[in-house]
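Q: Below is a structure I'd like to ask you about.
We did not get these values from a lab; they are worked out from the coordinates using the rules stated. Keep in mind that this is a model prediction, so the values were computed, not measured. Cβ atoms come from the backbone with ideal geometry, glycine included; neighbour counts cover every protein chain shown.
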Amino acid sequence: MNTDTSGSLLNEEQSILGQLDRAVRSDTVRQRIDCIVRRVEERMREDRTRLMAWEPIPLSVYGEALPAMIRSSWVFILRAGAATGPERHPNSHQRMMSYRESGDLQTGGEGRWESHLLVSEATAGLEGRWVSVPPNVWHQAVVPGHDWVVVSFHTVGADELAGVMLVAEREGTVVATGALAGCEILGVFVDPPYQGCGYGKAVMRALEERARGMACEQVELSVSLPSKAFYESLEYRMIEECSIAVGEGECLRFWKAKKPLGTDRGH
């Protein structure tokens with residue numbers, strides 16, 4: 001379903017989804033995608049704590065069948081019973097197809113979530129198998145009783161997919177946020193009344209999971225003095241002390257920090 005409309009798909013968007021659908025349903029393409037799915041499934045089996053895993057699909061797999069605006073494609077596997085939490089992509093239009101099993105891709109945001117229940121049977125038609133998520137639209141996946149395999153397309157390349165933004169909510173209130181741009185974590189903030197309750201750690205673990213899925217060998221961020229102990233507890237290593245002049249002879253101290261992702265398998 002196209003989240004821009006409350007009724008049927010707009011003609012232009014329906015044409016784009018139809019072209020993507022034909023590309024994915026090609027027997028040759030499905031054989032290549034199935035190979036990638038098996039690799040991602042293996043990663044899910046190796047780490048039962050992972051809520052999701054993914055791998056890019058080389059665009060060459062599709063030959064010349066894709067619309068011109070498509071710049072990257074992905075296989076995602078979402079674990080049964082999982083809810084991914086809200087995120088959005090400021091610089092990319094995402095189009096996603098249910099490839100195996102079923103799930104609910106919700107769009108909109110807190111208090112106005114709209115369900116898009118997707119199945120994988122070809123008889124369901126485009127609106128039953130595809131969802132179109134324009135840039136900056138909040139979305140989250142809710143998965144029922146079986147691992148859900150989806151194929152996703154973006155209008156930017158894998159290395160340009162910026163602004164994976166996550167939020168943690170409590171009773172409808174946003175209490176923590178964070179973002180991932182490339183392999184850099186940005187904008188992690190926890191509302192002071194909720195600090196020390198585990199929300200910051202949950203956001204960091206989720207961002208690290210996203211970074212690992214994007215083949216980042218390590219993540220980096222900037223750390224202020226008040227948050228230094230928190231990031232050290234998450235195994236971030238301070239690699240460089242920096243300062244910024246803020247006027248009247250005062251300087252703001254901070255650290256550049258990094259964390260390898262290959263050694264942390266327990267979240």
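Q: If you build the convex hull over the alpha carbons only and average its shadow over all orientations, what do you get for segment 11-159? Give it in nm² to one decimal.
A: Reported value for the Cα convex hull: 8.8 nm².
Q: Return the long-range amide H neighbours of residue 261 (sequence gap of 5 or more, or a different chain), with a cut-off of under 5 Å between placed amide H atoms.
A: Counting only residues 5 or more places away or on other chains, the set is 218, 219.
Q: Could I ask something else about it? Sum -39500 (n - 2.57) across every DSSP H segment of at least 4 residues in the chain, then divide by the residue count to get the 222 nm mean residue ellipticity, nearest 500.
A: Calculated mean residue ellipticity at 222 nm is -7000 deg cm²/dmol.
Q: For segment 11-159, what relative contact order do you get, as a whole percent, if you take Cα pairs closer than 8 Å and at least 6 residues apart?
A: 29
Q: Now a separate question. Give me, ordered by chain and number, the residues 5 or more places off residue 89 or on other chains with an amide H under 5 Å from its own placed amide H.
A: Those qualifying (amide H under 5 Å, at least 5 residues apart or on another chain) are 136, 137.
Q: Next up: For segment 93-98, take each phi angle, set θ = phi - 60°, evaluate the Karplus expression 6.51 cos²θ - 1.76 cosθ + 1.60, and give the result in whole Hz per residue in order, putting x for glycine and proline.
A: 8, 9, 10, 10, 10, 6
Q: For residue 82, enumerate residues with amide H under 5 Å from its amide H, sequence gap 5+ or separate chain, H modeled in the peptide plane.
A: Amide H neighbours of residue 82: 143.
Q: If I model the chain as equal point scatterers sitting on the Cα atoms and use the Debye formula, what is log10 I(q)/I(0) at q = 0.07, 0.09, 0.12 Å⁻¹?
A: Summing over Cα pairs of the chain leads to -0.27, -0.44, -0.76.
Q: Of the peptides 76-83, 203-210, 23-30, how do they stack up when ordered by the mean number of other Cβ atoms within 10 Å, highest first?
A: Ranked by mean Cβ neighbours within 10 Å, highest first: 203-210, 76-83, 23-30.
Q: How about the chain: what cysteines have no other cysteine beta carbon under 4.7 Å from their own?
A: Unpaired cysteines in the chain: 35, 197, 242, 251.
Q: Per residue of segment 178-195, what does 6.51 cos²θ - 1.76 cosθ + 1.60 with θ = phi - 60° give for ³J(HN,Hα)? Whole Hz please, x for Gly and Pro, Karplus curve as stated.
A: Along segment 178-195, the couplings run x, 9, 10, 10, x, 10, 10, 8, 9, x, 6, 8, 10, 4, x, x, 10, 5 Hz.
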